[in-house]
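Since the structure comes first, as structure tokens, the remarks are kept for the end.
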Amino acid sequence: MKLVIIEGIGKKETVEKYLGSGYKVFATKGHVRDLPTKTLAVNVKKDFEPKYVIMDDKKEVVEQLKSAVSKADEVLLATDPDREGEAISWHVANILGIPADSPVRIEFNEISKKAVQNALKHPRAIDINLVDAQQARRVLDRLVGYKLSPVLCKKIQNKLSAGRVQSVTLRLVVEREREILNFKPEEYWPFFSVLENQSEVTVKAALSSRGKQKFKIPNEQVLKEVISELDGKEYEVTNVKRSVTKSKPPAPFITSTMQQDAQNKLGMSSKQTSSTAQTLYEGIDLPGEGKVALVTYIRTDSTRVADDAVREARAFISAKFGEKFIPAKPNVYKSKKGAQDAHEAIRPISLERTPESIKDSVNKYQYKLYKLIYDRFMASQMSEATYNSLAVDIAAGNYGFKVNGKSPLFAGYTAVYNMYTENKDEDESSDKLPNFEVGEKLGFKEYKYEQKFTKPPARFTEASLVKMMDEEGIGRPATYTPTVTLLSARNYIEPE
């Protein structure tokens, strides 16, 4: 019997199904060793050497693990495919006395039969560089938290904590709040002339310039001046620019963009999204199939997609929508600078398993999030959307006006990802525009304007805070949700 050791108990049944007979799966339920809680456990005088102990709540798990290993002919370590997973495998190997260079480490980015069987064919030694990267982060966590937390407790109040990630994230929130408090609003007046052509089609033209210089109305006094100077003036089309514009499909999800879209589009909290995504990754019970994993690994900062998945997506899209909907060359997206790029973007394991096909077997959050991931990935592999765009310049006396608009020409990726509207510019018309000609005179109907004030930066939502953490390189995909949750639990921040 071969023993395969994984982290999460939730995926035990799914992995066992794909391993077949002759294998048994054991779940550690996360880390089994860590730095002790009551001492620093980092020797700063000896290259910051950490001292590890078996965690109190994992002593029984370790005894069960040793018992299972004693009955096994071979041990394979299949913890998660990231630095944290590599470290867990290393800790387990240390506890079990497995030599560091033994080819016992296997990994898979998705829990599918193909991926699991392929992993079994390519065991390797534990990557000590990945382990050291995780250890460096853990030691830094301990040094910052262990040294700073007592200062907070002494100077402010008991039971406070500081940390490498939570302290920097809290600073972001504080700096944003200071920015809001110091903000001085400025008055402005958006101004439009409602015009009509000879066919009595009306358009709303936005004031854009005065004396050929960009211009915005700053107050009511200037507004009155503008109106008095425009009254009775003739409106004439001075320039018409027709073009075909393109809209590129969005990249497939990484952890941070999935968190943002789930809140903004689906109204799901960061915690809800994380737990729901985990169940989609570990497996859902489907009638007649047992537990089936639906998406790839959900903690990632890479937009990379496996070649096989790209080929399958292009074939699926071509069959469903036609050749025009797949680009000549597959779409490739750049990951941000500093990304670990340890594994793929978040995507469905198979496009053949549509959201509708599982709708009756999952709860509403699982369905909504799976559909979001599914649609986003399919859109990422499709052609650009194209539009007929029109930009019209109109003159009236000393003032210039603009009318912009566009109409769909080819749907491209929006055929599957058009459920979310983009923000339009204030001066962009969403109506179908008439055909303008240079020199054409337009009739005046009315002015439209209102007083507005510039607004301070918005307070963070969970989604926008996660976005900022990702952009600034604070934490890693697995820590976004725990960090925001911890800050709230300790009352360092409060939701309104």
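The values are calculated or read from the model by the stated rules, or taken from the named source; none is laboratory data. Owing to the predicted nature of the structure, the values given are computational and were not obtained by experimental measurement. Because the Cβ atoms are built from the backbone with ideal geometry, glycine has one as well, and the counts that use them run over all protein chains shown. Remember, those area values only see protein heavy atoms, side chains included, never the ligands or the DNA or RNA. Shrake-Rupley method; radii C 1.70, N 1.55, O 1.52, S 1.80 Å.
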- Task: Go through region 92-106 and give me each residue that's aliphatic (A, V, I, L, M) and either open to solvent by less than 60 Å² (accessible area, probe 1.4 Å) or not in a loop (DSSP other than H, G, I, E, B) (or both).
- Result: Val92, Ala93, Ile95, Leu96, Ile98, Val104, Ile106
- Task: Examine region 306-321 for a residue that is part of a loop (DSSP other than H, G, I, E, B) and at pLDDT 95 or above, and state whether such a residue exists.
- Result: no
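Results for (1) open to solvent by 50 Å² or more (accessible area, probe 1.4 Å); (2) β-branched (Val, Ile, Thr), shown as yes or no for each residue.
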site	(1), (2)
Ile284	no, yes
Thr300	no, yes
Asp307	yes, no
Phe325	no, no
- Message: For region 199-235, which positions are open to solvent by 50 Å² or more (accessible area, probe 1.4 Å) and touching a strand residue (DSSP E or B) at 6+ places or on another chain (Cβ under 8 Å)?
- Response: Thr202, Lys204, Arg210, Lys212, Lys214, Lys216, Pro218, Asn219, Glu220, Glu229, Lys233, Glu234
- Residues satisfying the stated conditions in region 5-56, i.e. open to solvent by 70 Å² or more (accessible area, probe 1.4 Å), without any contact (Cβ under 8 Å) to a residue 24 or more places away in the chain and within 29 Å of Val116 (Cβ to Cβ): Ile9, Ser21
- Only one residue in Leu160, Leu195 is part of a loop (DSSP other than H, G, I, E, B) and open to solvent by less than 30 Å² (accessible area, probe 1.4 Å), so which one is that? Leu160
- Query: Yes or no: Asn109 closer than 28 Å to Arg476 by Cα and either open to solvent by 40 Å² or more (accessible area, probe 1.4 Å) or hydroxyl-bearing (Ser, Thr, Tyr) (or both)?
  - Reply: no
- Message: Which of the numbered conditions does Glu16 fail, given that it passes all the others? Conditions: (1) touching a helix residue (DSSP H, G or I) at 6+ places or on another chain (Cβ under 8 Å); (2) outside any loop (DSSP other than H, G, I, E, B); (3) within 30 Å of Thr276 (Cα to Cα); (4) of a type in the set (D, E, K, R).
- Response: (1)
- Message: With the requirement that a residue be surrounded by fewer than 22 Cβ atoms within 10 Å (Cβ to Cβ) and closer than 15 Å to Thr300 by Cα, what does region 240-255 give you?
- Response: Ala251
- Got a number for residues in region 335-370 being free of Cβ contacts under 8 Å to residues at least 40 places away in the same chain, within 25 Å of Phe108 (Cβ to Cβ), assigned to a loop (DSSP other than H, G, I, E, B) and open to solvent by 70 Å² or more (accessible area, probe 1.4 Å)? 1
- Just name the residue that is farthest from Ala306 (Cα to Cα) out of those in region 372-386 that are part of a helix (DSSP H, G or I) and touching a residue at least 40 places away in the same chain (Cβ under 8 Å). Leu372
- Note on the structure: Filtering region 442-485 down to residues that are of a type in the set (S, T, N, Q) and under 30 Å from Ala133 (Cβ atoms) yields Ser464, Thr479, Thr481, Thr483, Thr485
- Examine region 451-470 for a residue that is part of a loop (DSSP other than H, G, I, E, B), out of contact with any Leu (no Cβ under 8 Å at 6 or more places or on another chain) and over 30 Å from Leu170 (Cβ atoms), and state whether such a residue exists. yes
- Task: State which residue pairs qualify: first residue on the phi > 0 side of the Ramachandran plot and assigned to a helix (DSSP H, G or I) and inside region 227-249, second residue open to solvent by less than 80 Å² (accessible area, probe 1.4 Å) and of a type in the set (Ser, Thr, Tyr) in any location, beta carbons under 8 Å apart, and separation of 6 or more residues or different chains.
- Result: none
- Task: For region 475-496, enumerate the residues that are over 13 Å from the mean Cα position of the chain (by Cα) and either aliphatic (A, V, I, L, M) or open to solvent by 70 Å² or more (accessible area, probe 1.4 Å) (or both).
- Result: Pro482, Val484, Leu486, Leu487, Ala489, Arg490, Asn491, Ile493, Glu494, Pro495, Glu496
- Output for region 66-99, where each listed residue is closer than 13 Å to Leu130 by Cβ and touching a helix residue (DSSP H, G or I) at 6+ places or on another chain (Cβ under 7 Å): Leu77, Thr79, Arg83, Glu84, Glu86, Ala87, Trp90
- Item | Test for Thr202: is it touching a residue at least 60 places away in the same chain (Cβ under 8 Å) and more than 35 Å from the chain's Cα centre (by Cα) | yes
- Inside region 112-137, can you point out the residues that are open to solvent by less than 70 Å² (accessible area, probe 1.4 Å) and either of a type in the set (Lys, Arg) or out of contact with any Leu (no Cβ under 9 Å at 6 or more places or on another chain) (or both)? Ser112, Ala115, Arg124, Ala125, Asp127, Leu130, Val131, Ala133, Gln134, Gln135, Ala136, Arg137
- What number of residues within region 387-422 satisfy the criterion of being without any contact (Cβ under 8 Å) to a residue 60 or more places away in the chain and among the polar types (S, T, N, Q)? 4
- Yes or no: Leu172 within 30 Å of Thr454 (Cα to Cα), without any contact (Cβ under 8 Å) to a residue 12 or more places away in the chain and of a type in the set (A, V, I, L, M)? no
- Task: Report whether or not Val295 is in contact with a strand residue (DSSP E or B) (Cβ under 7 Å, 6 or more places away or on another chain) and surrounded by 17 or more Cβ atoms within 10 Å (Cβ to Cβ).
- Result: yes
- Message: Which of the numbered conditions does Lys66 fail, given that it passes all the others? Conditions: (1) modelled with pLDDT under 95; (2) open to solvent by 80 Å² or more (accessible area, probe 1.4 Å); (3) within 13 Å of Ile5 (Cβ to Cβ).
- Response: (1)
